[in-house]
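The values are calculated or read from the model by the stated rules, or taken from the named source; none is laboratory data. Since the model is a prediction, treat every value here as computed from it, not as a measurement. In this analysis, Cβ positions are derived from the backbone assuming ideal geometry, glycine residues included, and neighbour counts consider all displayed protein chains.
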Amino acid sequence: MTLRDDAEAIFHAAVAAVQPEVLMPQHIQRDGDRLWFSAIELEWHLDRNVRLAAFGKAAPGMVRAVEAILGEHIVAGIASVPVGTAPHDGVTAFHPGAADNLPDHAAMEAAKRIHDLAVGASADELLLVLISGGGSALLPLPAAGITLEQKLATTRALASAGATISELNAVRRHLSALKGGQLAQLATPAMVAALAISDVIGDPLPDIASGPTVGDASTYGDCLAIIERLGAELPPAVAAHLERGAAGALEETLAATPANARTAVIGSNRIALEAAAAAATARGYAAGIVTDALQGEARDAGKQVARRIAGERGRRCLLWGGETTVTVTGDGRGGCSQELALAAAIELAGNAGAGLLAAGTDGQDGPTDAAGAWVDGGTRPGRGAQAALDANDSHGFLAPTSALFRPGLTGTNVMDIVIGLVDR
């Protein structure tokens, strides 16, 4: 087998470890009418008294796993799922939306239904909330006075300016009717149990799908500072909304988690990396996790990773996980993983016996059909590579080289991983 074959097999092992069908039974146990959530230390007596809300790229699998455990005790359920999700014939209604991982009207309608589901919950009911990466785009119900188009324009402006996921989510929470603990608050007096598969470095609960069930320490003033630092141009209505909030004319998001809510992370990038390391070891590589907090500009990260790989000897597998960013200055197509890979290809050119696979664990990298790309010392990108990098056109450049990795949507999302292999 080639290094690329091994890298792809290691990737699939990593993704398999964070599939909802694997994770959910580890954290929800049922014994008759007794339900136990080990991650949040909550016991619940089942009596046809569970409402289910789910949103994110792993929502379909999370819902199916929960329905298999709870069965007839789920009385109603709404799931905001990615476009392309297969139909579901269970109790929970699937509502596809967020094409290209961007909020749209279909996702907003699903968010409205989740809003109504929470508001209708009674004191003797449990609202079970299943959260995963992509949840911010799939739960885009705007705050009063803000339109979906304005919120989308804000997201694009911040992302193009190089905002981190934490910065992006801080702003989104202050433009939302459900995030920043508001979904849990709406469900009062019902009990809220939330389980999350994290797509954020360090697994901070307020940043996973923008924290709909937990408190939020950020403020309107923080949002204005982020926008000023990035120099992002926002729709006038959004800027005015944030300024009113900073002046005290609007209520802040909830500083403390509502008393009726408990939330825990059950899946993460670290779990995927540990599975990748085990798979690499089984294939004869000396494997090591470098970090699960890879961040910064994708092209810079690509150079750093490639230099580390280029200096290795023996049969080695080095693993990185995290979420890099791309500051868009050109008009090309691509994503963080593809841009990282292209930068690495330039650095690795001519370096035999070494390569890397950079890919999103959700199977999608930016608004493209690829999860990422494999590059090695034989890729030899040529003169046009740097120009493509400068134009943010990693997808356009790598597509003709057969470097792109297209596993399809994986049904989960724990950020990106980079698998560096050396055999020499």
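From the set of residues in the stretch 308-335 that are in contact with a Gly (Cβ under 7 Å, 6 or more places away or on another chain) and within 22 Å of D393 (Cα to Cα), which is surrounded by the most Cβ atoms within 10 Å (Cβ to Cβ)?
It comes out as G334.
Would you check if Q386 is out of contact with any Asp or Glu (no Cβ under 7 Å at 6 or more places or on another chain), within 26 Å of G202 (Cβ to Cβ) and of a type in the set (S, T, N, Q)?
Criteria not met by Q386.
Assess whether A370 counts as being at pLDDT 95 or above, buried (at least 24 other Cβ atoms within 10 Å of the Cβ) and out of contact with any helix residue (DSSP H, G or I) (no Cβ under 6 Å at 6 or more places or on another chain).
yes
Just give me the residues in the stretch 386-424 being closer than 21 Å to V328 by Cα, among the hydrophobic types (A, V, I, L, M, F, W, C) and surrounded by fewer than 20 Cβ atoms within 10 Å (Cβ to Cβ), in sequence order.
Residues satisfying the conditions are A387, A391, A399.
Given the condition crowded, with 24+ Cβ neighbours inside 10 Å and among the small types (G, A, S), answer yes or no: does some residue in the stretch 62-76 qualify?
Checking the stretch 62-76: not a single residue is crowded, with 24+ Cβ neighbours inside 10 Å and among the small types (G, A, S).
What number of residues within the stretch 162-181 satisfy the criterion of being within 19 Å of the chain's Cα centre (by Cα), surrounded by fewer than 20 Cβ atoms within 10 Å (Cβ to Cβ) and of a type outside the set (S, T, N, Q)?
Count: 1.
Checking the conditions here, which among V50, V22, V63, V81 is more than 21 Å from the chain's Cα centre (by Cα) and at negative phi?
Of V50, V22, V63, V81, the one residue that is more than 21 Å from the chain's Cα centre (by Cα) and at negative phi is V50.
Q364 fails exactly one of the following numbered conditions: (1) within 16 Å of the chain's Cα centre (by Cα); (2) without any contact (Cβ under 8 Å) to a residue 60 or more places away in the chain. What is the number of that condition?
Single failed check for Q364: (2).
Looking at S176, S210 in this structure, which one is polar (S, T, N, Q) and farther than 19 Å from A246 by Cα?
S210
Being among the charged types (D, E, K, R) and closer than 20 Å to T281 by Cβ is the filter; apply it to the stretch 1-30 and report the residue that is surrounded by the fewest Cβ atoms within 10 Å (Cβ to Cβ). Explain how you work it out, then say what you get.
We begin by selecting, within the stretch 1-30, every residue among the charged types (D, E, K, R); these are 4-6, 8, 21, 30.
Narrowing further to those that are closer than 20 Å to T281 by Cβ: 4-6, 8.
Numbers: R4: 19, D5: 11, D6: 22, E8: 18.
Per the stated criteria, the residue is D5.
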